Amino acid sequence: MSKKKIKVVISDLDGTLLNSDHTISAYTKSVFQELHKQNYLIIVATGRHHMDAMAIISSLELPVYLVTSNGARIHSPQKELLYSYNLKSDAVKSILSLDIDPEITTVIFKETVWQTSKTNKKLNAFQKDLAYPPEVVVFSELEDYSAIKIFFTHEDHQKLVKLKNQILENHSDDFHHAFSLPICLEFMDKSVDKSVAIAKILEKEGYSFEEAISFGDGFNDERMLDAAGIGLIMGNAPENLKNKLPHLEVISNNNEDGVARYLSEALEVFSISVK
C-alpha cells in the first residue's frame with residue numbers, strides 16, 4: 001500500500017457501511033468517531049433519499065456531509081441543503097408511460113414520499129424511517145411527475161437490462177443511470193453522479209480527490225472509487241464491478257465491518273489511533 005496524505009473518508013451506505021440488517025455496528029461507529037476527533041472530513045454518499053439516509057447516519061453521532069439520491073442532493077453536516085437537482089417532469093412521465101413489465105417494481109422518489117407501483121417487502125425492509133413513507137399509486141393517474149430519481153427493482157437482472165436499453169433508446173440525453181445492485185436500476189438527471197456531488201464538497205472544503213479514501217460496493221460507486229486517491233471495493237460487491245476496476249483493492253465485506261476494520265488497520269497510512 002502506498003503512502004498517501006489522506007484527509008477525507010468517503011463511504012457508500014448499503015452493502016458498505018451498513019451490515020445486512022441495514023444498520024451501523026457499534027465498532028464502525030467507534031472508528032468513525034475517532035476519525036472525526038482527529039479532524040478527518042467524512043462524507044457519506046448513497047443512492048438513498050436524504051430523509052431515509054439522515055435517520056441512519058444519525059447513529060454515528062458526528063457531523064457528516066451527506067450525498068443522497070446518487071448525487072441529486074447534498075446536505076451539510078448541519079443538515080442544510082446545499083445542492084439539489086430534480087428530474088424533468090415530462091421526462092419522468094414519458095418513462096412511466098412505457099409498457100413496463102408489471103413484475104418490475106417501479107418507484108419515483110419525491111421530496112417527502114416515495115410512490116411505488118406495488119408493495120415490495122424486500123424494498124420496504126430497506127426503508128425503515130417512517131418519516132419517509134411509501135405510497136402505492138397508479139402512475140398513469142398522477143398529475144405531478146416531479147421526482148428526484150426513478151427506481152426499478154426485480155430479481156432478474158436481465159429484465160432490468162432490457163428495461164434500461166428500452167429507456168435509453170429515446171432518453172439517452174435526459175438521464176444518467178446506475179445499477180446500485182444487480183437487482184436495482186436507477187435513473188437520475190444526466191448531470192447527477194455521486195462523484196460530481198463529492199467534488200463540490202471537496203472544493204468547498206479545500207481538498208482534492210487525491211486526498212480521499214472511498215469505499216463502495218455498487219456500480220453507482222464506480223466513479224467515486226476510481227477518482228479517489230485510494231478506492232476500495234467491498235468483498236460483497238458484484239464480480240462485474242471488481243472486474244471493471246481491477247486496479248483497485250478488494251477488502252472484506254460489509255458484515256465483517258470491512259470499512260471500519262480497514263481504516264483501523266491502516267494506521268501507517270492515516271496516522272490515526274483507533275482502539
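The values are calculated or read from the model by the stated rules, or taken from the named source; none is laboratory data. Since this is a predicted model, take the numbers as computed values, not measurements. Positions of Cβ are generated from backbone atoms using ideal geometry, with glycine treated the same way; all protein chains shown enter the neighbour counts. Ligands, DNA and RNA are excluded from the accessible area calculation, which covers all protein heavy atoms including side chains. Shrake-Rupley method; radii C 1.70, N 1.55, O 1.52, S 1.80 Å.
A few notes on this one:
- Pairs where the first residue, in segment 203-217, is part of a loop (DSSP other than H, G, I, E, B) and the second is at pLDDT 95 or above and open to solvent by 50 Å² or more (accessible area, probe 1.4 Å), C-beta under 8 Å, 6+ apart: D217/N236
- Members of segment 1-30 that are modelled with pLDDT of 95 or more and of a type in the set (A, V, I, L, M): V8, V9, I10, L13, L17, L18, I24, A26
- Flag for V137 being at pLDDT 90 or above, over 25 Å from V67 (Cβ atoms) and either aromatic (F, W, Y) or surrounded by fewer than 14 Cβ atoms within 10 Å (Cβ to Cβ) (or both): no
- Yes/no for K200 being touching a strand residue (DSSP E or B) at 6+ places or on another chain (Cβ under 7 Å), open to solvent by 50 Å² or more (accessible area, probe 1.4 Å) and either touching a residue at least 12 places away in the same chain (Cβ under 8 Å) or outside any strand (DSSP E or B) (or both): yes
- Of the set (1) of a type in the set (A, V, I, L, M, F, W, C); (2) open to solvent by less than 20 Å² (accessible area, probe 1.4 Å); (3) free of Cβ contacts under 8 Å to residues at least 12 places away in the same chain, all apply to I150 but (3).
- Checked against the criterion of being open to solvent by less than 50 Å² (accessible area, probe 1.4 Å), closer than 30 Å to G235 by Cα, out of contact with any Asp or Glu (no Cβ under 9 Å at 6 or more places or on another chain) and not in a strand (DSSP E or B), the candidates L185, L160 yield just one match: L160.
- Apart from one condition, T68 fits all of (1) at pLDDT 95 or above; (2) surrounded by fewer than 19 Cβ atoms within 10 Å (Cβ to Cβ); (3) among the hydroxyl-bearing types (S, T, Y); the exception is (2).
- Unmet criterion (only one of (1) surrounded by 19 or more Cβ atoms within 10 Å (Cβ to Cβ); (2) part of a helix (DSSP H, G or I); (3) not aromatic (F, W, Y)) for A55: (1)
- Pairing each residue of segment 59-72 that is under 15 Å from Y85 (Cα atoms) and outside any helix (DSSP H, G or I) with any residue that is of a type in the set (K, R) and open to solvent by less than 10 Å² (accessible area, probe 1.4 Å), provided the two are 6+ apart or on different chains, yields C-beta distances under 7 Å for V67/K194; A72/K149.
- Pairs with Cβ under 8 Å, 6+ apart, first in segment 8-34 and within 22 Å of G71 (Cα to Cα) and free of Cβ contacts under 8 Å to residues at least 40 places away in the same chain, second in a helix (DSSP H, G or I) and open to solvent by 40 Å² or more (accessible area, probe 1.4 Å): T23/S59; I24/S59
- For N253, the conditions (1) free of Cβ contacts under 8 Å to residues at least 12 places away in the same chain; (2) open to solvent by 40 Å² or more (accessible area, probe 1.4 Å) all hold with the exception of (1).
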